[in-house]
1. For SER56 and ALA309, FRET efficiency with R0 = 51 Å and r from the beta-carbon atoms, rounded to 0.05?
2. List, in order, the whole-Hz ³J(HN,Hα) value for each residue of region 157-168 obtained from phi through the Karplus relation with A = 6.51, B = -1.76, C = 1.60 and θ = phi - 60°; use x for Gly and Pro.
3. At R0 = 30 Å, how high is the FRET efficiency between ALA383 and ALA255 if r is their beta carbon distance? Nearest 0.05 is fine.
4. Can you compute the helix-only [θ] at 222 nm over the chain? Use -39500 (n - 2.57) per DSSP H run of at least 4 residues, normalise by all residues, nearest 500 deg cm²/dmol.
5. Measure out, as a whole number of angstrom, how far apart the alpha-carbon centroids of region 304-319 and region 101-133 sit.
6. For ALA218 paired with THR243, estimate the spin-label separation in nm (one decimal), with each label point 7 Å from Cα along the Cα-to-Cβ line.
7. With θ set to phi - 60°, apply the Karplus curve 6.51 cos²θ - 1.76 cosθ + 1.60 along region 382-398 and write out the HN-Hα couplings as whole Hz, x wherever there is a Gly or Pro.
8. Build a GNM of the chain with springs between Cα atoms under 10 Å: which of PRO236, PRO220, PRO283 gets the top mean-square fluctuation?
Amino acid sequence: MDRRPMPGTSEPDEELRRPSPWGTIAVVYLGGVVAAMGLGKFASVGPEVADRLSLSLSQLGWVISAVVGVGAVAGLPAGYLIRRFGTERSLVTGLVLIAAASAASVLAGDFPWLLAARGVEGVGYVLVTISCPALIIHLARERDRGAAMSLWATFVPVGIGASTLAGGAAGSALGWRGWIGLIAGLTLAMALAAWARLPRGPGRQAAAGSVPRAGALAWPAVLAVSFCLNVLVTIPVIVLLPTLLIEEYGRSAAAAGAVTSAISLLGVLGGLAVGVLLRRGAPVGLLALAGLLVVPAAWLVYGGSGSQAAALAGAGVISVANGFLAALVFAALPLVLKNLADADVGNGVVAQAGSVGSLLGPPMFGLVAGGLGFQALVPVIAAGTLGAVGALLLAGGRASRSRPSTG
């Protein structure tokens, strides 16, 4: 897809002048956004679903988190499957699975049916979120890969934000089944758009190939550790922020939810900032140091200052830093790969690690805060942040010395 020309020809200058296919990259990115909308589609209609299907809060929690649970166990195997199946077909298949599972959810009459549908949706979500960044790596020209992957890292907050904003109004007007059916239709339309836009013919399966050896995944594994630790100690801050605002500062549930939604979207700014800075030549290792801002921000949130403004400012910094570090991980991935053809499996490693962090972080925070108080979360966040930044510094050293091949 992005073959490096032989030295001594006029092709290098021509390659440098060729723009990246940003239209196709945008379609791939939107595929991820739509998948993330499905990830968060039950958040805004959860109370109605629980009431109509007689679900307990625990059962509703499983319905919401089942998709992430699939990613926590199937990320790496899915990367190998995509290697055999091809990234383009995997993206379209994943979107079709999400659409079909959403349609099945509309017909759900009890918890087992709904949970099974979400499990199928989780398989589709994993296929989409691994194949999309692999496709972007192959589609983007070398000079644009960092910016393109930084943009990709914003797909979850953008998708969940759009789902949250639209779900409330659509759920009120159409009911929860109408809202879920609307998501099913949107996802199917996105699958058709991806099928129509992505390359056809013999080059369509260019990303498929032999399985990489374990050594080829050593540096992606370092990035996966950083991603897991970052998600583990930053996402729960946002997830549990409404609880903090209600219990510690007496905010209403509606006000706490609105503030949390706005703060979570700040992560998009962090992701976009990485793209701008990488385009200007900033090294990965230097940018990683910005993640250390999470430590004083955690003290503002949980240090017991008693100031709601300080807590919100700290949460805002953590949200931006989460998006920043996540984007840096994805942008660094093509720089540490020995061969860009391994992007699918490498993304599987990173995606699985992120899902593990997302799955374990909230209950870990709840356990610590419930047993020792909110202030005990500060050293937990500090330790996780130092580990995440340290792993990124290691990967940054590799990225500065590496120039991956495309064959």
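The values are calculated or read from the model by the stated rules, or taken from the named source; none is laboratory data. Only a predicted model underlies this, so the values are computations on that prediction, with no experimental measurement involved. Reconstructed Cβ throughout: ideal geometry from the backbone, glycine too, with neighbour counts over all protein chains shown. We work out accessible area using only protein heavy atoms, side chains counted, and drop any ligands, DNA or RNA first. Shrake-Rupley method; radii C 1.70, N 1.55, O 1.52, S 1.80 Å.
1. For R0 = 51 Å, the calculated efficiency reads 0.90.
2. x, 5, x, 5, x, 5, 5, 5, 5, 7, x, x
3. 0.40
4. Per the formula, -26500 deg cm²/dmol.
5. If you average the Cα positions of each part, the centres end up 36 Å apart.
6. So the label points at ALA218 and THR243 sit 4.0 nm apart.
7. 4, 5, x, 5, 4, x, 5, 5, x, 5, 5, 4, 4, 5, x, x, 5
8. Most flexible of the set in this elastic network: PRO283.
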